[in-house]
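Bear in mind that the values in this text are calculations on the coordinates, not laboratory data. It should be emphasised that the depicted structure is a prediction, and the values quoted were computed from it without experimental measurement. Cβ atoms come from the backbone with ideal geometry, glycine included; neighbour counts cover every protein chain shown.
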Amino acid sequence: MRALLPPFIRTRLFEGQARSVRAKQNIVGLFLLRGVSMAINLLLVPMTLAYLDTTRYGIWTVMSSTIGWVSLMDVGLGNGLRNEFAQAIAVGDRARARLYVSTTYACVATIVGVIIVLFLAVNPFLRWSAILNTPAAMEEELHRLAAVVFVFFSLRLLFGLIGTLLLADQKPARASLLDVLAAFLSLVGVYVLTRSGESSLFRLGFVVSLAAAAAPLAANFWCFARRYRDLVPSFRLVRPDYARRLIALGVKFFLLQIAGVVIFATSNIVIAQYFGASAVTPYNIAYRYYGVAMTAFAVLLTPFWSAFTDAYARGDTPWIAMTLRKLKAAWVLLAICVAVMTLLAPVAYALWVGNAVTVPFLLSASMAAYTLIVAWSTIFAYFINGTGKIALQLRVAVLTACAVIPLAIFFASGLGLGSAGVMFAVCTALLPGCFLWPVQVRRIVTGTARGIWAR
């Protein structure tokens, strides 16, 4: 396969520093897998709509996205494992890596067991027809659907730890392959259902949720039977002191996730409350348009979290400095692309959605600024996250989460900027990180970080 590639591509993908080569190969793999995933989802949406009616499809979307919040219930243990595992592998201590793997699996299994039992106990008392605003006649079906979806999504939380190990082992493309496999299994399952001729919301939820859990479960058996044979989790290797360390770090990541949800997920609510639900549509169209650039840059950054952990554990500061320079150069290219996207935005919107929706230029400009601010901050945040020194980031995130809604109201309503004001408020709230994170990274790399900069 390598011999079939042109020499200039072969040189760039397979020659150079080992950590950089892995990153480049994973970036290419991630782009290809993201394309496959998008193609599968494009097929899955109309197929699901054809199997269900519009109302039931909406019910499924809302319920699955709501229950999907269970992914946060590992209280950050996955991210804690990612850092500790990567550090242990970096110094060649696979015995310590196995202790962390065993302890994390045991902790997450306990959490999953508890939340499943609690949910199944509470579920009969929930009025899903009222929660989802559906006919009361669907109550029994919705209870069964909620139980199945919650159980499988919870199990995915446990089985999905194998994806965390792959990320920590600097194999994000293989971790992304799990999502593609789950999507493909869903596609096959929904196709089989469409051939049955009988529409059933419960059957669809069962098939799609089963696929989401089955893919990582199969990956666990595959990986622990092969590459990670010496890392198979064992209850006899569970260590309370390791659990405390994982939880101490994991809770910080968990709080960061919660703050992120508040910062990034409240915009639609503010817009709908102050300007009506119709104002959400142009906002989301602009968000999706610039999301193309943000997704591409996110794929570029994905391999570097654990690569930074590995380099930091080995004391390879020259590689860290070189990589940060290259990522900054990539950000400059992103800025040029975003500027071009902004100039061409009216044409792009017209070709995409026609005249049905008008997106103001100010809204596009605010989305462009948001994209560049988030991308710049993430370059440095990935290094900080990889080292686990996130105390400063956590405090700033909490303050940002507290400030973003009042700022959004002030910019949107007080200054009369409308929905664009909501995004300018988010940009304002995120702006301090653009200056703080580069300073912290420089101090960590040079060994001059003290106090909160080093925690």
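Details
- Region 266-454 shape via C-alpha gyration tensor axes, a/c threshold 1.5: oblate
- For region 405-422, putting each phi into the Karplus relation 6.51 cos²θ - 1.76 cosθ + 1.60 with θ = phi - 60° gives couplings of 5, x, 5, 4, 5, 5, 5, 6, 9, x, 8, x, 8, x, 5, 4, x, 4 Hz, in residue order, rounded to whole numbers and with x for Gly and Pro.
- Take the convex hull of the alpha carbons in region 17-244; its mean projected area over all directions comes to 13.8 nm².
- Legend: distances between Cα atoms for 24/389; 252/328; 24/171; 24/326; pairs beyond 23 Å are 24/389; 252/328.
- 3J(HN,Hα) couplings calculated from phi for region 380-392 with the Karplus curve 6.51 cos²θ - 1.76 cosθ + 1.60 (θ = phi - 60°) are, in sequence order, 7, 5, 5, 5, 4, 4, x, 8, x, 8, 10, 4, 5 Hz; Gly and Pro show x.
- Net charge of neighbours whose Cβ lies under 14 Å from the Cβ of residue 226, counting Lys and Arg as +1 and Asp and Glu as -1: +2
- Think of region 17-244 as a dipole: +1 on every Lys or Arg Cβ, -1 on every Asp or Glu Cβ, centred on the Cα centre; then among 138, 221, 160, 221 lies furthest on the positive end.
- Residues 342, 103, sorted so that the one with the fewest Cβ neighbours within 10 Å comes first: 342, 103
- Cβ crowding within 10 Å, taken as a proxy for footprinting-reagent exposure, orders 337, 427 from fewest neighbours to most as 337, 427.
- Only helices enter the 222 nm calculation for the chain: every DSSP H run of n ≥ 4 contributes -39,500 (n - 2.57), and dividing by all residues gives -27000 deg cm²/dmol, rounded to 500.
- Spread of Cα-to-Cα distances over 10 Å intervals beginning at zero, given as percent, for region 69-126: 21, 40, 23, 12, 4, 0
- Between region 131-170 and region 336-390, the Cα center-to-center distance that results, in Å: 31 Å
- Summed side-chain charge close to residue 163 - residues other than residue 163 whose Cβ falls under 13 Å, Lys, Arg +1, Asp, Glu -1: +1
- Here the peptides 430-436, 230-236 are ranked by packing, the mean other Cβ count within 10 Å, and the order with the highest first is 430-436, 230-236.
- Projected-area mean, the chain, by convex hull of Cα positions, square nanometres: 24.2 nm²
- Each residue of region 234-247 was assigned a 3J(HN,Hα) from its phi angle through the Karplus expression (A = 6.51, B = -1.76, C = 1.60, θ = phi - 60°), giving 9, 5, 6, 9, 5, 10, x, 5, 5, 4, 4, 5, 5, 5 Hz with x at Gly and Pro.
- Counting beta carbons within 10 Å around each of 165, 52, 343 and listing the fewest first gives the order 343, 52, 165.
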